[in-house]
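Below is one structure, written out as structure tokens; the observations come after it.
Only the coordinates and a few stated rules stand behind these numbers; no lab work does. If you're wondering where the values come from, they're calculated on a predicted model, not measured in any experiment. Note that we place each Cβ from the backbone using ideal geometry, even for glycine, and neighbour counts take in every protein chain shown.
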Amino acid sequence: MAPFKFRFKFRQEGLNQSSVNELLRLTLLSPEMVLALLAGRQPKTLTLRWLKNHEFPVEWAAQREVFGGGDR
């Protein structure tokens, strides 16, 4: 799908580009972090506020170092 079509769809759904960018960044979280979040076992440092306001590493091993693993 072309970028223009994506933008049109986001607007059609009532989302602005900033919100979409924030959501897309979450796809970079490691499967381990996603599973921990879904199970409620995320590290204390892994909050939506933190993710929205900070850059986080793309490499999964580096994410483990930053967030301290998935055992709350």
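Based on Cα atoms of segment 17-72, Rg over Rh with Rh as the Kirkwood radius reads 0.94. Modelled this way, with points 7 Å down the Cα-to-C-beta line, the labels at Leu48 and Leu24 are 2.1 nm from one another.
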